[in-house]
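The values are calculated or read from the model by the stated rules, or taken from the named source; none is laboratory data. Keep in mind that what you see is a predicted model, and the values were worked out from it rather than measured. Reconstructed Cβ throughout: ideal geometry from the backbone, glycine too, with neighbour counts over all protein chains shown.
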Amino acid sequence: MSTTETAGAFGSRPSPFPQAATIFGVLRYALLLAPSANRVYADAAGRLARAELTVFAGSGVLDAPPVDAAVERIGGVEYLTFAAPEPGPRDLAHLANLSAAYALFERVGDDLLRPVPLHPLARYDSDLITIPKYTGKTNEQFTRLLLNVTLLASASAPRMLDGPVVVLDPLCGRGTTLNQALMYGYDGIGVEHDGKDVDAYAAFLRTWLRRKRLKHTAEMVPVRRDRKLVARRFETVVAPSRDAHRAGATQRVTVLHADTTRAREVLRPRCADVIVTDAPYGVAHGSRTDAGLSRSPLDLLTAAVPVWRELLRPGGALGLSWNTHVAPRAEAEAVLTAAGLRVVDGPGWRDLAHRVDQAIERDVLVAVAPEENG
Ligand SMILES: C[S@@+](CC[C@H](N)C(=O)[O-])C[C@H]1O[C@@H](n2cnc3c(N)ncnc32)[C@H](O)[C@@H]1O
């Protein structure tokens with residue numbers, strides 16, 4: 001990918017050709033990437049943003065899909081640039097949710113940027129997502145990327161802006177995916193075998209909801225089968241305002257303290273529209289299966305993916321990130337395919353791999369369940 005420097009951008013004089021961009025009925029845009037994107041992905045931020053935009057463009061949700069996406073430096077700052085026929089409000093509402101989006105500009109002539117307001121989905125204050133900090137947290141911006149591309153591959157893509165959508169993270173840790181689901185206005189279900197993580201998430205959410213004075217219910221209850229304790233369930237029902245609560249426009253987050261390979265004992269089949277999960281990296285966290293603690297997430301995935309597949313609705317999608325140092329892409333793909341899922345491929349999809357640190361090279365796979373007849 002070429003990175004070009006555009007000289008003289010942000011000039012104060014109007015361009016002599018202010019309509020140049022529209023001559024062919026196509027407008028040019030420059031998306032400023034959030035500064036945090038560079039901290040998360042180092043030099044891969046632009047490439048990942050371009051891949052994500054390409055997935056949006058190919059998903060069918062946009063009336064005027066962007067073309068010619070490129071990473072460019074304008075005035076010394078990195079932008080994701082693209083062209084599109086003038087996008088309508090719904091297209092802009094979609095693009096506002098690109099995980100690295102910070103500000104969007106229409107390019108006027110060669111040297112002017114005209115701001116285009118963006119309104120990302122944000123049901124709650126952003127500190128719902130940014131406050132939790134702990135070892136093993138999946139970066140929140142990457143979590144949003146993973147949720148976006150998974151949703152866009154699923155039959156729920158047309159409901160991205162308005163829901164209803166149920167997001168399941170079957171390895172949910174302390175709930176980064178669940179908080180992102182809340183932020184988008186969706187319902188969330190999590191499964192986590194580490195009781196400390198479940199308790200920490202429940203404590204955080206309770207405190208946060210109280211501090212924000214949001215009307216809600218929250219409870220932790222035992223789950224029994226044949227009088228035996230099989231799990232604990234934390235459940236909260238919340239709405240972003242009193243009016244929404246009164247109107248019954250509530251969201252539900254459920255976290256099960258259980259082993260994900262036994263998730264069918266505690267969750268109904270077809271309960272999720274999308275499954276979004278960041279597998280243990282085999283570095284700090286191992287993967288627990290019945291056989292014990294393993295360094296490779298492949299053992300866990302082999303045992304868990306067939307179970308997760310049953311939890312997906314027809315046309316649902318499973319988005320997985322994992323460390324390719326401990327499990328090659330082809331083997332992770334084989335696990336998904338063996339469970340009857342179709343791995344999504346095409347423009348953008350193979351360009352989401354990136355380095356996290358010395359020990360972790362993270363990649364993304366999204367696979368969809370068949371839309372069946374009955
Ligand atoms: C990479 S972390 C996910 C972190 C999470 N996305 C977050 O931001 O908090 C993977 C999680 O999988 C959990 N895990 C590993 N094996 C499991 C199993 N068999 N059942 C349930 N959870 C498991 C680990 O405890 C860990 O919390």
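Worth pointing out:
- Tally, over segment 58-86, of residues that are among the acidic types (D, E) and within 16 Å of Y102 (Cα to Cα): 2
- Selection from segment 106-138 of residues that are crowded, with 19+ Cβ neighbours inside 10 Å and within 16 Å of the ligand (Cβ to nearest atom): L128, I129, P132, T138
- Summed over segment 336-347, residues that are more than 19 Å from V149 (Cβ to Cβ) and either under 19 Å from the mean Cα position of the chain (by Cα) or outside any loop (DSSP other than H, G, I, E, B) (or both) total 1.
- When L168, L146 are checked against the criterion of being within 14 Å of the ligand (Cβ to nearest atom), touching a residue at least 12 places away in the same chain (Cβ under 8 Å), outside any helix (DSSP H, G or I) and within 15 Å of the chain's Cα centre (by Cα), a single residue qualifies: L168.
- Look at (1) more than 16 Å from the ligand (Cβ to nearest atom); (2) closer than 18 Å to A100 by Cα; (3) out of contact with any strand residue (DSSP E or B) (no Cβ under 7 Å at 6 or more places or on another chain) and you find that L151 fails only one, number (3).
- Of all the listed residues (A279, A303), the sole one being at pLDDT 95 or above, more than 23 Å from T130 (Cβ to Cβ) and under 21 Å from the mean Cα position of the chain (by Cα) is A279.
- Some residue of segment 215-224 being in the same structural domain as G136 (by TED's automatic domain parsing) and either in a loop (DSSP other than H, G, I, E, B) or within 14 Å of the ligand (Cβ to nearest atom) (or both): yes
- Condition check for I189: part of a strand (DSSP E or B) and within 16 Å of the ligand (Cβ to nearest atom): yes
- Number of residues in segment 302-335 that are assigned to a helix (DSSP H, G or I) and within 20 Å of D259 (Cβ to Cβ) equals 11.
- Segment 323-351: number of residues that are buried (at least 16 other Cβ atoms within 10 Å of the Cβ) and under 12 Å from A369 (Cα atoms): 5
- Taking the listed residues S59, S36, the one that is under 19 Å from P120 (Cβ atoms), at pLDDT 95 or above, among the polar types (S, T, N, Q) and not assigned by TED's automatic domain parsing to the domain that holds D357 is S59, with no other qualifying.
- The C-beta contact set for segment 337-354 (first residue closer than 16 Å to S154 by Cβ and in the same structural domain as S59 (by TED's automatic domain parsing), second residue at pLDDT 95 or above and assigned to a loop (DSSP other than H, G, I, E, B), distance under 8 angstrom, 6+ apart or interchain) is empty.
- Residue in segment 102-110 that is of a type in the set (D, E, K, R) and assigned by TED's automatic domain parsing to the domain that holds R252 present: no
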